[in-house]
Amino acid sequence: MGLTDEVKRYAIEELDMDYVGITGVDRLSGAPEGHRPTDLLPDAKSVVVMAVRLTQGAVQAIFRAYEDGLRHAQCIYGTHGYALIPNLHLKFAAYKMARFLEKKGYITTPLPSGPGAGGAPFSHRHAAVAAGLGEFGWLSIVVTPDYGPRVRLVSVITRADLAPDPLYQGPKLCDPTKCDICVKICPTNAISESKSKSVVI
C-alpha cells in the first residue's frame, strides 16, 4: 500500500472521517499572500482535506428551533452541528494525521477548524474543492455529493508528495436558477432571490 492510500485509510478507518481528499499545493497557489500552503509550511507539497458529516438529528434541531418556535433547541445544533463537537473532532483528527505523517518522516502542519481557531490562516473550503470533495454552491460553501453542505472541514499541510485526487466532475450540485431553497429557509432573509436567479456558478 502506497503512502497516499495509507493516509486515506487512516483518515476513514482510524480517525472516523466521512471524506478525505488530497490536493497538490499548486491548485491553491492563487490564495491570498500569507494563506497559501507554502506560506504556512515552506516546501509543502500536498494538503490532506478531511470532513465529517453533521448528524441528521442535530440539523433537525435547528429546524425545530426556527420552524416550530423551540428556540431552546438551537443549542443542540450549536453544540453538535456548528461550533463545538464537530470542530473538536476535526482538530484532533488533524493533529493525529500530522503525527501519522511525521512518524513517516514528513514535516506536517495541522490546521485549526471552526470558531475559536484564532483567525483564518487557511481556507478549508477552497482546499476541499481543490481536493475533489465537492463544488462551491451559491453561498460559496462547499456542497458535497452525499451530504450537501452539511459537513465540517479541516486541512493538513504536508511535505509528503501525495497523489492528488481529481476535481469533482459529477452532476451539478447547486443551481440557484433552478433551486432557491436557501433563499426560502434563511432565517434572517440575508439572501437575495433576484440575485440568485441571475447568477452563474
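The values are calculated or read from the model by the stated rules, or taken from the named source; none is laboratory data. As the structure is a computational prediction, the values presented were derived from the model and not from experiment. Backbone-built Cβ (ideal geometry, glycine too); neighbour counts: all protein chains shown. Accessible surface is based on the protein model in full, side chains and every heavy atom, while ligands, DNA and RNA are left aside. Shrake-Rupley method; radii C 1.70, N 1.55, O 1.52, S 1.80 Å.
Consider Arg99 carefully, then state whether it is within 27 Å of Asp161 (Cα to Cα), more than 14 Å from the chain's Cα centre (by Cα), without any contact (Cβ under 8 Å) to a residue 24 or more places away in the chain and surrounded by fewer than 17 Cβ atoms within 10 Å (Cβ to Cβ).
Criteria met by Arg99.
What's the number of the condition Thr38 fails, among (1) open to solvent by less than 50 Å² (accessible area, probe 1.4 Å); (2) over 30 Å from Thr188 (Cα atoms); (3) touching a helix residue (DSSP H, G or I) at 6+ places or on another chain (Cβ under 7 Å)?
Exception for Thr38: condition (1).
Restricted to the stretch 118-141, and to residues that are among the hydrophobic types (A, V, I, L, M, F, W, C) and in contact with a Pro (Cβ under 7 Å, 6 or more places away or on another chain), which residue is modelled with the lowest pLDDT?
Trp138
Are any of the residues in the stretch 75-85 open to solvent by 80 Å² or more (accessible area, probe 1.4 Å), under 21 Å from the mean Cα position of the chain (by Cα) and hydroxyl-bearing (Ser, Thr, Tyr)?
The answer is yes; a qualifying residue exists.
Can you tell me which residue is farthest from Leu101 (Cα to Cα) among those in the stretch 13-58 that are in a loop (DSSP other than H, G, I, E, B) and under 12 Å from the mean Cα position of the chain (by Cα)? Explain how you work it out, then say what you get.
Our first condition is that a residue be in a loop (DSSP other than H, G, I, E, B); within the stretch 13-58, this holds for 15-18, 29-36, 41-45, 54-55.
Now narrow it down to the ones that are under 12 Å from the mean Cα position of the chain (by Cα): 17-18, 54.
On the way: Met17: 17, Asp18: 20, Leu54: 27 Å.
Ranking the qualifying residues of the stretch 13-58, first place goes to Leu54.
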